[in-house]
Amino acid sequence: MSKPSILRIAIPSPLRRSFDYLPPEQDGAAPQSGVRIKVPFGKRTVIGILLEFVTESTIPVRRLKRVIEILDEEPVLPPDLLTLLNWGSRYYHHPVGEVLMGALPLLLREGKPALLPGNHIWQLTEAGKTVTTNELSRAPRQRVLLSMLKEHTGGLHTRQLNQHQQNWQPVMKKLKEKGWVQCIESSFLPARAESLSSTAEHRPILNQAQQAAVDSVLESAGRFSVLLLDGVTGSGKTEVYLQIIEQVISSGKQAMVLVPEIALTPQLLDRFLQRFPRPVALLHSSLSSRERLAAWLGSRSGEAAIIIGTRSALFTPVKNLGIIIVDEEHDTSFKQQEGFRYSARDMAIIRARNANVPIVLGSATPSLESLYNAQQKRYLHLSLPERAGGAQPPTFRLLDLRRQPLQEGLSPELLGIMEQHLQTDGQILLFLNRRGFAPTLLCHECGWVGRCRRCDTHLTFHQRERRLRCHHCGAERPVDPRCPDCGSIDLRALGAGTERIEQALQQHFPGIGVARLDRDSTRRKGSMQNVLNEVQQGHKRILIGTQMLAKGHHFPNVTLVGILDTDQGLFSADFRASERMSQLITQVAGRAGRAEKPGLVVIQTNHPEHPLLQQLITHGYQQFANTALKERQEAELPPCCSIALLRAEATAAEKSLDFLRQALQTAAPFNSGEVFLLGPVPAPMEKRAGRYRAQLLLQSASRAALHRLLDQWMPQLETLKSGRKVRWSLDVDPVDLF
Ligand code: ADP
Ligand code: ZN
Ligand code: ZN
C-alpha cells in the first residue's frame, strides 16, 4: 500500500508552524500549492493555504483530520509568491499562516471566490461583424442587440445592457451560439481611452543623466540587479520611471511600482494614466474590498500593465513581472510596524531576485542602508545631480529663533519674508510636524497639564472641536472650561500646532487663502485632493502642513518653504533621528522653486550653529549621508551591523521586564558570542495605551549569526511561561527603537 499523501497547510494562528491534514474524501485532481483550503481547526472552521504534499507527519495518520473543502483551482498564491512569503516568514520570524493569509485581499481571506461576477463586456466576433441586420429580420430582439453592438465597437458592458434592454441575456445567448458575439471579462481597472494615446509623443526629451539611468536599467532587463536612483528633488526621477515602464510594458511585461502610503495621490495616478493608455491596477488602503480584489485579479491575469500600490501591493500576484520600482525608498511607511513586521522595500528586492528582474530604488534622500549597499557595490548607484528642465536648486537660510519674539510659532523675520513672496505672487509652504492647535493645555493658576491617562504624554489641544486628544493611543475627551484640579478658567494653550498656525496666518494675512494639510484636515475621503487642488490652482497661497507635505507633490509656483521647528530632530535618543530630519528637510525644501521661479528655504531654529544643519544646508544631503554613515560605522550601528528588537508590553511594568530577563537567559546557549544582547530596558515612552513597554536589543556585525540565534531562540520563547502574561513581538531590522 502506498503511503497516504498528507496536506501541509498554513493556518493563521500565533503558532510558528504549519499543520497536517488528510485530503478530502472524494478523489479529484490533486490541488496545487498556494490554493485556499477550508479545514477544521480546534472547534472552528478556518481557511488556510496549501503549502505542499508530504508523505510523513509527526502526528499519527489516524489522528489527522480531513480537510473540508478546497476553494481554488488556480492558486491564489502562485509559486513565486509562496517562495517570497515563506522567506518573509522565516526572516522576520512571523507565523507562516498569518503571513500567507495576510497577503491576500480581504474577500479572499474571507473565502469568497477569486473572481468578480457580473462584469463582462460583449463584443462582436469577426464573423459577427460581417452579419447585416437584415439577416435578422425575423428575430427583432436579436437585431436590436446586433445593431447596438455594431455601434459600440469597443463592446457593451453588462451594466450598459441592463440599462437599455430588459431581459437581454437569453437573446445575447442566441447570438453567442451563432458565434457572432463573444464575452470577455471586463476590467475594473482605471485606464485611459485608447484614442487619446498620442500624448506619449509629448513626453520630454531626457537629459543626459536621465537617459543614462534609463539605459542602465534597461540593460539589466531580464536579470536581477538593484539600481539606486539617487536624484535630487525635481531631477525627473518619475520621468525616468515612466520611460523605463514604457519599454518594459511594450515588451509585454508588467511593471510594479511601490510608493509610500501618503504619496499615492491622484496626481501620480493621472501621470501614469496620461502616459499609458493601459489598465492600471491601483492598490492602497482606502479601496473598498471589491476594488482591491479587482486590482488583484487584473494584476494576476496580466491585464494590468502597471501595478501601483503601497506596501502590501508587493504581495499581488503578477503574471509576467518585468520590473519593480520602489519610489521614495527611504520612506519608513514601507516597513510594517505591527503584526508581520516586514520591509516592503527589502522584500521587493527578494522578489526581484527570485523573478530575475531589475529593481529600481528611487529617492532624493536615499536611506543610509541603500547608500551603504551602493558603496559596497551590491547596488548600482545612478545619480541625477541636477533639476530637470532648467529649474534651479533652492537657497537655504537659517533663522536664529533665540531672543526673537515669536508670534504663534512664527518669527517676525519669517513673516516679513512671507510678505515679500506674497507680493511677488509666490506661493508658500510651511512645515510643522505637529498637528492640532497646541501640544499642551496648562492651567495658569495651579499648573495642571492635560495628560493622557494611558500614556506617558501630554494631550494635544484641538481647538476647533474643543477636544483634548492623545496622538499616541487615540484617547480623547472634551475640554472643560475649568481646570479639573482647581476650577480656574485660566487655561492656556502652550506651543503651536498646525491648526494654530493656520489661524494665526489667516489673521495676519487677511484675504490670502490659507490651507492646511495634515491628518485632521484630510480625514474625509477626497479632502486631501481638495486641499491640493486649491493650492495647485492658486486659490490658496499659503499651505501649512505636517510631513504629508514632504511627499512628492509638485507645486510649480511655490517660491518659499518655511520649516518652523527642526529642533526636535537634533536632539533625539533615536540614532536615526538625524537621518530622518535631514530627509524631511531636504524633501520639504524640494517643494520650493520647482519651475521657473527660484526657491528659498527658511529654517527656524534655536541651534543655527548645529553642525548637522550647517552641513545639510551648505553641502546637501549627500554630504550629510557620508558623514552619518561613517558615524554609524564607528558606533557599529545599522546599516553597518544588523539589529533586532524583542519588545514586550503588559499592564504591569515588572511583567514585561521579567519576560525579557528570562528571554535573555534563554538566549545564552545559542549565542556563539557574535551577538550582543542589550537590555532589557523600559521603552523610551514606557507607558502607552495603558501598557508598560520594555525591550531587548540584539545586535551583531554578522547578519547570519543574528539569524542563527533567532532561529533557535524563537521556538524557546514560545514556551516561556512569563511570555503568556505579556504581549511580545520580535522586530527584525526595526526602523524605530520605540
Ligand atoms: P522627481 O520625481 O525627481 O521629483 P519629476 O519627474 O516629477 O521629478 O520631474 C520634475 C518636473 O520636471 C516635472 O514637471 C517633469 O515633467 C519635468 N521634467 C522631468 N524630466 C524632464 C526633462 N528631461 N525635460 C524637461 N522637463 C522635465
Ligand atoms: Zn488649575
Ligand atoms: Zn494616550
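Take the conditions (1) more than 19 Å from R434 (Cβ to Cβ); (2) open to solvent by less than 10 Å² (accessible area, probe 1.4 Å); (3) more than 16 Å from ligand 1 (Cβ to nearest atom); G562 misses just one of them, which is (1). Take the residues in segment 590-603 that are surrounded by fewer than 24 Cβ atoms within 10 Å (Cβ to Cβ) and out of contact with any Lys or Arg (no Cβ under 9 Å at 6 or more places or on another chain); name whichever of them is modelled with the highest pLDDT. Filtering segment 590-603 for residues that are surrounded by fewer than 24 Cβ atoms within 10 Å (Cβ to Cβ) and out of contact with any Lys or Arg (no Cβ under 9 Å at 6 or more places or on another chain), the one modelled with the highest pLDDT comes out as P598. In segment 521-541, which residues are outside any loop (DSSP other than H, G, I, E, B) and without any contact (Cβ under 8 Å) to a residue 12 or more places away in the chain? Selection gives S527, N530, N533. If I go through segment 354-413 residue by residue, how many of them are of a type in the set (A, V, I, L, M) and within 30 Å of L314 (Cα to Cα)? Residues in segment 354-413 being of a type in the set (A, V, I, L, M) and within 30 Å of L314 (Cα to Cα): 13 in total.
Mind listing just one residue for me: the one in segment 55-74 that is in a loop (DSSP other than H, G, I, E, B) and among the acidic types (D, E) and, of those, least open to solvent (accessible area, probe 1.4 Å)?
Restricting to residues being in a loop (DSSP other than H, G, I, E, B) and among the acidic types (D, E), the top hit is D72.
Rundown of residues vs (1) open to solvent by 30 Å² or more (accessible area, probe 1.4 Å); (2) within 16 Å of ligand 1 (Cβ to nearest atom), yes/no style:
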residue: E219; (1), (2): yes, no
residue: G222; (1), (2): yes, no
residue: V226; (1), (2): no, no
residue: G234; (1), (2): no, yes
residue: E239; (1), (2): no, yes
residue: V248; (1), (2): no, no
residue: M256; (1), (2): no, no
residue: F272; (1), (2): no, yes
residue: E291; (1), (2): yes, no
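Any idea how many residues of segment 200-217 are buried (at least 16 other Cβ atoms within 10 Å of the Cβ) and over 18 Å from I359 (Cα atoms)? The number of residues fulfilling the criteria is 3. The lone criterion from (1) open to solvent by less than 10 Å² (accessible area, probe 1.4 Å); (2) in contact (Cβ under 8 Å) with a residue 24 or more places away in the chain; (3) over 17 Å from I184 (Cβ atoms) left unmet by L161 is number (3). Of all residues in segment 475-503, those that are more than 20 Å from C452 (Cβ to Cβ) have Cβ atoms under 6 Å from Cβ atoms of residues that are open to solvent by less than 30 Å² (accessible area, probe 1.4 Å) and within 8 Å of ligand 2 (Cβ to nearest atom), 6 or more apart or on another chain, in S488/C443. For E686, the conditions (1) over 28 Å from R451 (Cα atoms); (2) surrounded by fewer than 17 Cβ atoms within 10 Å (Cβ to Cβ) are fulfilled apart from (1).
In the condition set (1) open to solvent by less than 30 Å² (accessible area, probe 1.4 Å); (2) within 16 Å of ligand 3 (Cβ to nearest atom); (3) β-branched (V, I, T), T498 is compliant with all but (2). Only one of the listed residues (F315, F334) is under 18 Å from the mean Cα position of the chain (by Cα), surrounded by 21 or more Cβ atoms within 10 Å (Cβ to Cβ) and farther than 23 Å from M548 by Cα. That residue is F315. Within segment 475-485, does at least one residue satisfy the condition of being within 16 Å of ligand 2 (Cβ to nearest atom) and in contact with an Asp or Glu (Cβ under 8 Å, 6 or more places away or on another chain)? Scanning segment 475-485, I find at least one residue that is within 16 Å of ligand 2 (Cβ to nearest atom) and in contact with an Asp or Glu (Cβ under 8 Å, 6 or more places away or on another chain), so the answer is yes. Looking at L287, is it within 16 Å of the chain's Cα centre (by Cα), assigned to a loop (DSSP other than H, G, I, E, B) and among the aliphatic types (A, V, I, L, M)? The answer is yes for L287. Screening segment 238-280 for residues that are modelled with pLDDT of 95 or more and not in a helix (DSSP H, G or I) and picking the one that is farthest from ligand 2 (Cβ to nearest atom) gives K253. Going through segment 307-328 one residue at a time, which ones are within 20 Å of T365 (Cβ to Cβ) and either among the small types (G, A, S) or part of a loop (DSSP other than H, G, I, E, B) (or both)? T310, E328, listed by residue number.
Scanning segment 90-144 for residues that are farther than 23 Å from I68 by Cβ, of a type in the set (A, V, I, L, M) and part of a helix (DSSP H, G or I) yields A127, L136, V144. The requirement of being away from ligand 3 (no atom under 16 Å from the Cβ), surrounded by fewer than 21 Cβ atoms within 10 Å (Cβ to Cβ), over 27 Å from L560 (Cα atoms) and not basic (K, R) is satisfied by C446.
Take segment 451-489 and flag every residue that is more than 11 Å from ligand 3 (Cβ to nearest atom) and open to solvent by less than 50 Å² (accessible area, probe 1.4 Å). Of everything in segment 451-489, those that are more than 11 Å from ligand 3 (Cβ to nearest atom) and open to solvent by less than 50 Å² (accessible area, probe 1.4 Å) turn out to be F461, H462, V479, C483, G487, S488. Among the residues of segment 506-520 satisfying the criterion of being within 20 Å of the chain's Cα centre (by Cα) and not in a strand (DSSP E or B), which is surrounded by the fewest Cβ atoms within 10 Å (Cβ to Cβ)? In this case the residue turns out to be R519.
Only residues that are surrounded by fewer than 16 Cβ atoms within 10 Å (Cβ to Cβ) and either in the same structural domain as H472 (by TED's automatic domain parsing) or away from ligand 3 (no atom under 16 Å from the Cβ) (or both) were counted in segment 689-713, giving 6. Answer with yes or no whether A304 is crowded, with 23+ Cβ neighbours inside 10 Å and over 18 Å from K525 (Cβ atoms). Judged against the criteria, A304 is a match. Somewhere in segment 492-511, is a residue closer than 24 Å to T238 by Cα and away from ligand 1 (no atom under 16 Å from the Cβ)? Taking every residue of segment 492-511 in turn, none turns out to be closer than 24 Å to T238 by Cα and away from ligand 1 (no atom under 16 Å from the Cβ). The residues in segment 358-406 that are away from ligand 1 (no atom under 16 Å from the Cβ), polar (S, T, N, Q) and assigned to a loop (DSSP other than H, G, I, E, B) can be counted, and the count is 3. Taking segment 31-54 only, how many residues are within 20 Å of L81 (Cβ to Cβ) and either among the hydrophobic types (A, V, I, L, M, F, W, C) or outside any loop (DSSP other than H, G, I, E, B) (or both)? Adding up the residues that qualify gives 10.
Pairs meeting the criteria (first residue in segment 555-579 and outside the structural domain of D400 (by TED's automatic domain parsing), second residue open to solvent by less than 20 Å² (accessible area, probe 1.4 Å), beta carbons under 6 Å, at least 6 apart or on different chains) are lacking. H284 satisfies every condition listed in (1) without any contact (Cβ under 8 Å) to a residue 40 or more places away in the chain; (2) over 23 Å from V76 (Cβ atoms) except (2).
The values are calculated or read from the model by the stated rules, or taken from the named source; none is laboratory data. Owing to the predicted nature of the structure, the values given are computational and were not obtained by experimental measurement. As a convention, Cβ positions derive from the backbone with ideal geometry for all residues, glycine included, and neighbour counts pool all protein chains shown. Ligands, DNA and RNA are stripped out before the accessible areas are found, and what is left, the full protein with its side chains, is counted by its heavy atoms. Shrake-Rupley method; radii C 1.70, N 1.55, O 1.52, S 1.80 Å.
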